[in-house]
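Coordinate-derived values only; no laboratory data. Treat the numbers as computed from the prediction; the structure is a model and nothing was measured. Positions of Cβ are generated from backbone atoms using ideal geometry, with glycine treated the same way; all protein chains shown enter the neighbour counts.
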Amino acid sequence: MADARPFHWEFNPEPVRREVLRIEGGRRLEGTVSISGAKNAALKLMAAATLTGERCRFTNVPEIEDVRVLTEVLRDIGVTVDHPAPNVYEIASGDAEWLFVPLEAAAKMRASFILLGPLLTRFGRVIISNPGGDRIGRRPVNLHVDAMRALGAEIEYRNGYYFAKAPGRLRGAAINFPQITVMGTENAMLAAVLADGHTVIEPAAEEPEVDDLISFLQKMGAQVERTAPNRIEIEGRRRLRGADHSVVPDRIEAGTFIAAAGVTHGRITLQGAPCDHLGAFLKVMADMGVSISCGNDTIEVDATSTDLEPLRGCDIETQPYPGLATDLQPPTCVLLTQATGSSHVHESVFEDRLEWLGELRRMGANVEIADQHHAIINGPTPLHGEEVEIGDLRAGASLILAALAADGTTTIRGAHHVHRGYEKIDAKFLELGARIERLPEGT
Ligand code: UD1
């Protein structure tokens, strides 16, 4: 491997500003909110732009911290990223000077690992930090690495870094994942579009963001197609061209606002909202008694009748798409605290996604965490204002929801985590009538 000296690297993106949110609860949300582009699509599209030297243009990109971090990582390896207007990014990666993605990037954002496939297939080598290493916690990337090896890559792991190279072009292959993985599917696809020959990925993730990536790759001239619900087939091309693309709307942000309307007995309209991508979640909302109607690109949510008729508890289980999204488990749990009866929560995708319920309990929720995958929520219980701390993105947004429903004032520390994935979340809630204030930590 040529001249790779990870430890001489300096990656100094702007420091994250630690923030608190102060929320006075008990107000009904009312009005209209615009849904932003999907984080989980935008990051992969930006990575895909490195597959060509030509310029790619993206609109409807959410202005979030993860996009800012990826922009810095791309610039650091020599890719030009312009940001000519809000929500518009242009990427030109004529050449990458330094094919190295440092630990600091991976520590800030696990999704930086999505650069493995495209950089390896286009430039033939890359050194990339292991985001699942001991220093950062669990969430392995073994399936991504296995997929690259199946395509002919040679990968060594040393000192927390994967040193990957492709002797010549990568070769098309059958990639059979032992379990469904969203980013694993995407990484394999991004590598295979420039490989030599035919690739079949099975089982492939079915998330709408994966399809958004497929549609962008097709505009770039890639021959890639979903040939069955859980199968993607690719015929590798030698070269791809630049393309324009508008990022698919964020179904997780939409679901978060729907749950927020539910928990505050509110009535709101979501604009630019992807009803078709929310099937399993909307079924849970209907079962609980939140009234929802879908228009062309709007969703109307009316939970005002829950003043008289309380929400109904129900059992939920997260699953890969088209099942209930694990990213919508935390907002759904907040709603379940306000519903009558015992609701069983089965988090089947990740093993650390129920821990945040401890903070919800501090706000008055009656929650029993049975094990890493199961919890029971008994309701309804009134929530009260509290000082709480959040450690991750989706749980953070959900504590905002709990605070909106609570009696009194809640202070949420670690609120900067929420800006990783939600564009202007405080401004959007303010617009809907919430009392929410964003302050630097320590005030
Ligand atoms: C993506 C989303 C995340 C969402 C998740 C599941 C992005 C940036 N993030 O994460 O918001 O919650 O899908 O819908 O798109 N696994 C392994 N080895 C691997 C990869 C995954 O064991 O190499 C395991 C994970 O620990 C997890 C399961 O597979 O238990 C599914 O994870 P995966 O679908 O890969 O999630 P991400 O793509 O990381």
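The table below lists the values:
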quantity: Spin-label model distance (nm) - Asn366 vs Phe350, 7 Å beyond Cα toward Cβ; calculated: 2.8 nm
quantity: Separation of alpha-carbon centers, the range 230-299 and the range 384-443, rounded to whole Å; calculated: 22 Å
quantity: Those lysines that a straight Cα-Cα span of less than 28 Å connects to Lys44, excepting residues fewer than 8 apart in one chain; calculated: Lys108, Lys165, Lys219, Lys424, Lys428
quantity: Per the chain, cysteines lacking a partner by the 4.7 Å Cβ criterion; calculated: Cys56, Cys314, Cys333
quantity: Distance between modelled label sites at Glu387 and Ser291, nm, 7 Å Cα→Cβ extension; calculated: 4.2 nm
quantity: Equivalent ellipsoid semi-axes - Cα gyration tensor, the chain, angstrom; calculated: 38, 22, 21
quantity: Rounded to 5, the percent of DSSP beta bridges in the range 39-246 classed as antiparallel; calculated: 75 percent
quantity: Relative contact order (percent, whole number), the chain, Cα cutoff 8 Å, 6+ residue spacing; calculated: 21 percent
quantity: Listed peptides 320-328, 116-124 by packing density, highest first (mean Cβ within 10 Å); calculated: 116-124, 320-328
quantity: Antiparallel DSSP beta bridges within the chain, as percent of all bridges there, nearest 5; calculated: 70 percent
